[in-house]
Amino acid sequence: MTFEITISGDTRKSCYFDQTVRDGVRSFQVYNHMYLPTGFGDPEAEYDRLLNGVAMWDVAAERQVEITGPDAALLVQYLTPRNLENTAIGQGRYVPICDHDGFLINDPVLLKLSDEKYWLSVADSDIHLWAQAVGRERGWEVQVCEPDVSPLAIQGPKAEDVTASLLGDWVRGLRYFGFQEFTLDGIPMLVARSGWSKQGGFELYLTDSSLGGELWDRVKAAGAPFDIGPGAPNGVERLESGLVSYGSDMRRQTLPATPFELGLGMLVDLDAGHDFIGRNALLAAAAQPPERTRVGILVKGTPTLPGHPLPIWRDGQKVGVVTGMAYSSRVGATIAVGMIQSDLADSAEELSLLINDTAYPASLHPVPFL
Ligand code: THG
């Protein structure tokens, strides 16, 4: 029997879609109601490019929530536990967003474009509606909208050479998470040193989606001497590097977690004196040791994750969850991340995962793995 699934009409393509299809995309995931490429059919080559060369990723699904107006700074600060006081124009910050119970509902990159204009480059949840509602309910003078912005990531040790040869040597001077507006032969963008990998690189925030195909091809051409190839946010490298993935490591509705439980406690500023959503809950949470702690896990064997969260077993008891797992050739083992009850986070032994009726021995490992 065959059947058809219609995905809501709210789900859309990126402005790089046609180029990714032409260049051999093989799988997509729906992320922020958009099609996000997840693979081009050769995971080993894509991993190798990210680690040793350079890759280009269509990450337009990292959508922007634009917050403007006289009270924009007020709203942005109220949305995140991180103290934004010393954020300069042209500086990005990684900012957790929590609900009133202190559970993470997103972990965007914040870009400060001016004192009255901010972008939240969001992970996979509907922060646009949240920000708009909060601003309105507070009676603040702010507008929340989605601008025409489509990030394209260039990642890997040769990303700087590629980006410099495309845009000029000035990009070498960009600090980590710093960004700058730039127009390349009529293609307007914002150039940032950032990206969802620890291999270094840039994100080009194209601000005219009608020029997506042109920008993709310009990056491809500039990267050709460096053997650039298409890729996607990499599930193996992110585990090795300990990057958090909203939707995998936590999600408000299915796997609620506080910043403390996810190892993001350093981004929660309870003493700065600013008010923010979730402050009381996080104050209470901070007053006692967290119930669960984020851990890395080494798994014996080469199972694949049948779905997540997957329970971690010890002595016939569920003591935690695995939220991401993959074989890492650099570690030489199957690695995973997840959360475990805090009293076991330092020294738990005899852990196991149960996958398809087979028990796989597991042991703790510090994150990042590399
Ligand atoms: N780039 C942009 N937008 C994004 C992402 C991105 N939106 C969705 C998603 N990724 C948001 N989540 C993250 C998670 C981690 C990081 C960035 C965005 C990240 N973390 C570094 C780390 O953990 O080591 C740096 C953290 C820090 O500076 O404190 O880069 O990738 N545009």
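Other residues whose C-beta falls under 14 angstrom from the C-beta of ASP42 contribute a net charge of -3, scoring Lys and Arg +1 and Asp and Glu -1.
All other residues whose Cβ lies under 13 angstrom from that of ALA345 are scored, Lys and Arg at +1 and Asp and Glu at -1, for a net of -2. Build a GNM of the chain with springs between Cα atoms under 10 Å apart, and of ASN234, ASN52, ASN32 the one that fluctuates most is ASN52. Placing +1 on the Cβ of every Lys and Arg and -1 on the Cβ of every Asp and Glu, with no other charges, gives region 249-293 a dipole of roughly 200 debye about its Cα centre.
Working ranking of peptides 119-128, 218-227 by packing, defined as the average number of other Cβ atoms within 10 Å per residue, highest first, is 119-128, 218-227.
For region 15-20, the Karplus equation 6.51 cos²θ - 1.76 cosθ + 1.60, evaluated at θ = phi - 60°, returns couplings of 6, 9, 3, 4, 5, 5 Hz by residue, with Gly and Pro reported as x.
Taking Cβ atoms as reference points and 15 Å as the exclusive limit, the residues near PRO311 contribute a net charge of 0, counting Lys and Arg as +1 and Asp and Glu as -1. The mean sequence separation of alpha-carbon pairs under 8 Å and at least six residues apart, normalised by the residue count of the chain, gives a relative contact order of 17 percent.
Dipole size of region 210-261 about its Cα centre, with +1 on Lys/Arg Cβ and -1 on Asp/Glu Cβ: approximately 180 debye, rounded to the nearest 20.
We did not get these values from a lab; they are worked out from the coordinates using the rules stated. The structure displayed is predicted, hence computed values, not measured ones. Note that each Cβ is placed from the backbone with ideal geometry, even for glycine, and that neighbours are counted across all protein chains shown.
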